1. Please identify every one of the GluC sites (Glu not before Pro) in region 65-120 that sits in a loop by DSSP and has no more than 14 other beta carbons within 10 Å of its own beta carbon.
2. What's the extension gain from SER121 to ALA41 if we count 0.36 nm per residue and subtract their Cα-Cα distance?
3. Report the local net charge at ASP26: Lys and Arg +1, Asp and Glu -1, summed over other residues whose C-beta lies under 12 Å from its C-beta.
4. Under 10 Å, Cα contacts only: if you run a Gaussian network model on the chain, which one of ASP137, ASP116, ASP33 comes out with the highest mean-square fluctuation?
5. For a quick check: with amide H placed at 1.01 Å from N, whose amide H comes under 5 Å from ASP106's, ignoring anything fewer than 5 positions away on the same chain?
6. Expressed as an acute angle from 0 to 90° and rounded to the nearest 10, what is the orientation of the C-alpha long axis of helix 126-139 relative to the principal long axis of the chain?
7. According to the square roots a ≥ b ≥ c of the eigenvalues of the Cα gyration tensor, what is the shape class of region 27-84, taking rounded for a/c under 1.5, prolate for a/b larger than b/c otherwise, and oblate for the remainder?
8. Just the number please: accessible area per residue for the chain, 1.4 Å probe, all protein chains included, in Å².
Amino acid sequence: MAIRQVLTYPDKRLRVRARPVEKVDDRIRRLIDDLAETMYAEPGIGLAAPQVGEALRVFVIDLASPKGGELRAFVNPRIVRAEGEIVWKEGCLSFPGISEEVTRADRVRVEALDRDGKPFSLEATELLAVAIQHESDHLDGKLLIDRVSFLKKRMIRRQMAKWNAEHGLDAEAEAG
Ligand code: GNR
Ligand code: NI
């Protein structure tokens, strides 16, 4: 297992649409282990493969992070039902130090494969539903900043430019 570097906005790899996993093999299980270890180390309650530079449809969630004990892995997830509305103040490991209110569905049904490649279906509400939608967005190259107001976008871009400069990353701002 390994702790991987989490890419920060505006890294272009966060904008790629991730491709489906063809087979849940040892390589995918290793990726799941790395995602979990990185998530607990940061800590965060979820982490998607594109955030560590792997354009694959895989993410992990553990609402009990960093203590652990509720690790869930999702491979090729599909949200097949979404109902209601909930506003949650979301964070994202790719936007360190930033948290913004986002409106999501408050109840989702997701179908995915687990770490053994076995299909499962899960009904989630509240924070788990929010996290599933947040991580699913990452698989489509969609980010927190796409779901906030124009004014907040500008503020986030500025804060991220500052953060990246302070951390020796020479990231280019996105247009807009
Ligand atoms: O750690 C995280 N916390 C969080 C809080 C509210 C809504 C979503 C999240 S996900 C985030 C980790 C992350 O960036 N996952 O992609
Ligand atoms: Ni995120």
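The values are calculated or read from the model by the stated rules, or taken from the named source; none is laboratory data. Computed from a predicted structure; not experimentally measured. Cβ atoms come from the backbone with ideal geometry, glycine included; neighbour counts cover every protein chain shown. Just the protein is used for accessible areas: all its heavy atoms, side chains included, with ligands, DNA and RNA removed. Shrake-Rupley method; radii C 1.70, N 1.55, O 1.52, S 1.80 Å.
1. On the way: sites: GLU70, GLU83, GLU85, GLU90, GLU100, GLU101, GLU111; in loops: GLU70, GLU85.
Sites meeting the loop and neighbour criteria: GLU70, GLU85.
2. Numbers: separation 80, 0.36 × 80 = 28.80 nm, distance 2.79 nm.
Full-extension gain reported as 26.0 nm.
3. Working: positive: LYS23, ARG27, ARG29, ARG30, ARG115; negative: ASP25, ASP33, ASP116.
After counting each charged neighbour, the total is +2.
4. ASP116
5. GLU83, GLY84, GLU85, ILE86
6. 80 degrees
7. Numbers: a/c = 1.92, a/b = 1.16, b/c = 1.66.
Oblate is the answer for region 27-84, as a/c is 1.5 or above yet b/c matches or exceeds a/b.
8. Values: 9310 Å² over 176 residues.
Solvent-accessible surface per residue comes out at 53 Å².
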